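Read the structure below first, then the notes.
Every read-out reported here was derived from the displayed coordinates using simple, explicitly stated rules and does not represent laboratory data. Keep in mind it's a predicted model, so treat the numbers as computed, not measured. A quick note on method: Cβ atoms are made from the backbone with ideal geometry, for glycine too, and the neighbour counts reach across all protein chains shown.
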Amino acid sequence: MIRVTRLNHEPIYVNAELIEYVETTPDTVISLTNGEKFMVLESPDQIVAMVIDYGRQVHQSPDRRLNLSLVSPIDETLRQEEPA
């Protein structure tokens, strides 16, 4: 799952494997394979980068740790908590 931000600044977790396409209308809209759509603050390029990172993380070895690049760049609060 990837964390994105709704237009009202509320976070939402989306199953990256269910994303069918992402478009700009001018807001960014994520369309899922089940027909659901979400308008989010992130750009399509940011969403694509998060989905790619998600795929890489899923296919890593079992000892992988949380990759905060899967967190939306809109929500910097989690990035500040990452240990140095």
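Below, the figures for the structure above:
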{"item": "Separation in nanometres of the label points that stand 7 Å from Cα toward Cβ, at Ile12 and Gln60", "result": "2.7 nm"}
{"item": "Surrounding net charge for Ala49, when Lys and Arg each add one and Asp and Glu each subtract one, Cβ distance under 12 Å", "result": "-2"}
